[in-house]
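Written below as C-alpha cells is the structure these notes are about.
Rule-based calculations on the coordinates, nothing more; no lab input. Keep in mind that what you see is a predicted model, and the values were worked out from it rather than measured. Neighbour counts run over all protein chains shown; Cβ positions are idealised from the backbone, glycine included.
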Amino acid sequence: MIFMTLAIAVQPLYLRNFLNIPFANAGAINAGVNVITETIDLVLIGYLGYLSDRYGRVPIITYGFVAAAIGAFLSPFSLEIGAFFGLTGLTIYFLTRVIMSLGTGGVWPQLATLAGDFSNAENRPRLMANTAFMMALGATIVYAVLMQIPKHTGLIAVMSMIGVFALIGAWLTKTCLIDVAPRLEKTEVPLRRIWNLVRNERHLRLTFITAFFSRNDMVLVGLFLMMWYIYFADVVGISQVDAAAHAGMILGLVGIVVLITIPLWGIFIQHFGRVAAIAAGLALSGIGFVGLGFVVNPFDFSILLPTVLFATGQAGCLVAPQVLTIDLAPKELRGSVIGAFNTVGTVGIIFFIQIGGILFDTIGPHAPFVFTGAANLLIVGYALWVLNTDLKNRKTSEDEILARDLSADDI
C-alpha cells in the first residue's frame with residue numbers, strides 16, 4: 001500500500017510542477033492517467049487470479065513487485081526519457097504508470113486472497129481486518145509522513161523511493177510468504193462457474209456491486225483531494241508543495257480513522273454479520289462524501305467531519321465485502337473469484353475516476369465526491385433488501401424447526 005498510495009499521491013504534484021499541467025484540464029489529465037492504469041488492471045486482474053489458482057499466489061506477487069519497481073524508477077525521469085526518444089514527458093509518464101500498474105495488478109489482489117487462504121469462516125473477519133489494517137497503515141504512512149518530505153528534499157527523491165519500496169516488497173514476498181491453497185487442475189479459466197456463482201447467490205451479487213461502487217473511494221480521495229489542495233493553493237496564497245503537505249495531513253487523518261475503525265468493523269461483522277457491515281459502511285461513506293459538497297475551502301476545519309465519516313465507512317467497505325466474497329468462494333477457485341471481484345471493482349474505478357475528472361473540471365473540486373457519495377447511498381437500499389431477505393429466511397427456518405419440534409411432542 002505504501003507503493004500504490006505514494007504513486008497516486010505524488011502524481012498531481014509531478015504533473016503540475018514538472019510537466020506544467022494547467023488547472024483548466026488538470027482533472028481530465030490526472031483522471032486519464034489513472035483510467036489507463038486501471039484499464040490495464042481490468043484486463044489482467046481476473047486472469048492473474050486464475051494463474052494464482054494454478055501456480056500459487058507467491059510467484060505472482062513477487063514478479064508483480066519487480067515489474068512495479070521498474071516503472072517506478074523510470075517515472076521521475078519522464079521528461080528526460082521523452083526528450084531522448086522525441087516524445088512528450090506526459091507520454092512517458094503514462095507509460096511508466098502503465099508498467100507500475102502491470103506490477104501492482106499482480107500484488108494487492110493476491111495478498112488479500114492469500115490472507116483468505118489462511119483463514120476460516122470463524123476467524124476470517126478478524127484476520128482480514130488485520131490485513132486491511134496493515135493496508136491502511138501503509139496509506140497513512142504515505143500521507144502523514146512521506147508526503148511531508150518533498151518540501152524538504154524535493155519531489156524526485158520521494159518518487160525514487162517508490163521503486164525502493166517495491167523491491168522491498170519483492171524481497172519480503174520471496175523470503176517470507178508461502179502458498180497453502182490447493183491448485184486448480186483445469187487449464188481453462190472458470191468463467192462459467194464464476195458466473196453461475198454470482199447469478200445464483202444474492203450475497204455474492206451484493207459484494208460485486210459493492211466492489212463496483214466503493215472500490216474507487218480511496219483512489220478517488222487520494223487523487224482528487226490532493227488535486228483540490230494543490231490547485232486551491234493560489235487562492236489562499238501558499239505554495240503548492242505546502243498545499244500538498246497539508247493535503248497529506250488530511251489524508252493521513254483518513255488513514256488514522258481507517259486504522260482505528262478497522263478492528264471495530266471486525267467486531268461489528270462478528271456480532272451483526274457481513275451484510276449489515278456492508279450496509280453500514282456504504283451509508284457512512286456516502287454521507288461523508290456528500291458532506292464534502294458543502295465544503296468551500298479545503299483548508300477550513302469544516303472538512304474534518306465529512307472526512308471522518310467517509311473514512312469510517314470506507315474501512316467497513318474495505319473489510320466486509322472481501323470477507324463475504326472469500327466465504328462464498330470455493331477453495332480451488334478463490335483466486336479466480338477474488339480476481340473477478342477485483343475486476344468489477346476496477347471497472348468501478350475507471351467509471352468513477354473518468355466521470356470524476358470531468359466533474360472536477362466542469363463543476364468544481366467537490367463534485368467527484370458528491371457523485372460517488374450519492375452512488376454509495378443508492379446501493380445501501382440493495383444491501384438492506386438482502387439483509388431483510390436473510391432475516392425473513394432465518395425466521396422461516398426457525399418456524400419450521402419449531403413446527404417439527406411441536407409435531408414430535410404431539411406424537
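Relative to the longest principal axis of the Cα atoms of the chain, the long axis of helix 57-74 makes an angle of roughly 20 degrees. Under 5 Å between amide hydrogens, built in the peptide plane, is the criterion, and for L184 it picks out R54 among residues at least 5 positions away or on other chains. In plain terms, the chain from A83 to L304 could stretch by 75.3 nm, reckoned as 0.36 nm per residue minus the Cα-Cα distance. Given the options S285, L304, G169, identify the residue whose Cα lies farthest towards the positive end of the charge dipole of the chain (+1 on Cβ of Lys, Arg; -1 on Cβ of Asp, Glu). Looking along the dipole axis, the top candidate is G169. Helix 334-362 and the long axis of the chain differ in direction by around 50°, with both axes built from C-alpha atoms. Averaging 1/r across all pairs of distinct Cα atoms in the range 232-288 and inverting the result yields a Kirkwood radius of 13.6 Å. At the listed q of 0.10, 0.11 Å⁻¹, the Debye profile of the chain, built from one uniform point per Cα, gives log10 I(q)/I(0) equal to -0.65, -0.79.
Overall shape: oblate for the range 290-359, with the ratio a/c of the largest to smallest alpha carbon gyration tensor axis at 1.5 or above and b/c at least equal to a/b. What shape does the range 110-248 take by its C-alpha gyration tensor, where a ≥ b ≥ c are the square roots of the eigenvalues and a/c under 1.5 counts as rounded, a/b above b/c as prolate, and the rest as oblate? Verdict is prolate for the range 110-248. For the chain, adding -39500 (n - 2.57) for each run of n ≥ 4 DSSP H residues and dividing by the number of residues yields -27500 deg cm²/dmol at 222 nm.
A simple rule links phi to the HN-Hα coupling: the Karplus curve 6.51 cos²θ - 1.76 cosθ + 1.60 with θ = phi - 60°, which for the range 272-279 gives 10, x, 5, 5, 4, 5, 4, 4 Hz, with x for Gly and Pro. Round to a whole angstrom and tell me the spacing of the C-alpha centers of the range 89-130 and the range 343-395. Measuring centre to centre over Cα atoms gives 21 Å. Rounded, prolate or oblate: pick one for the range 116-175, where a ≥ b ≥ c are the square roots of the eigenvalues of its C-alpha gyration tensor, a/c under 1.5 means rounded, and failing that, prolate if a/b is larger than b/c, else oblate. Since a/c reaches 1.5 but b/c is at least a/b, the shape of the range 116-175 is classed as oblate. Using C-alpha pairs under 8 Å with a sequence gap of at least 6, the mean separation divided by the residue count of the chain gives a relative contact order of 27 percent. Among the chymotrypsin sites (Phe, Trp or Tyr not before Pro) within the range 40-124, which fall in a DSSP loop and have no more than 14 other Cβ atoms within 10 Å of their own Cβ? Passing both the DSSP loop test and the Cβ count: F118.
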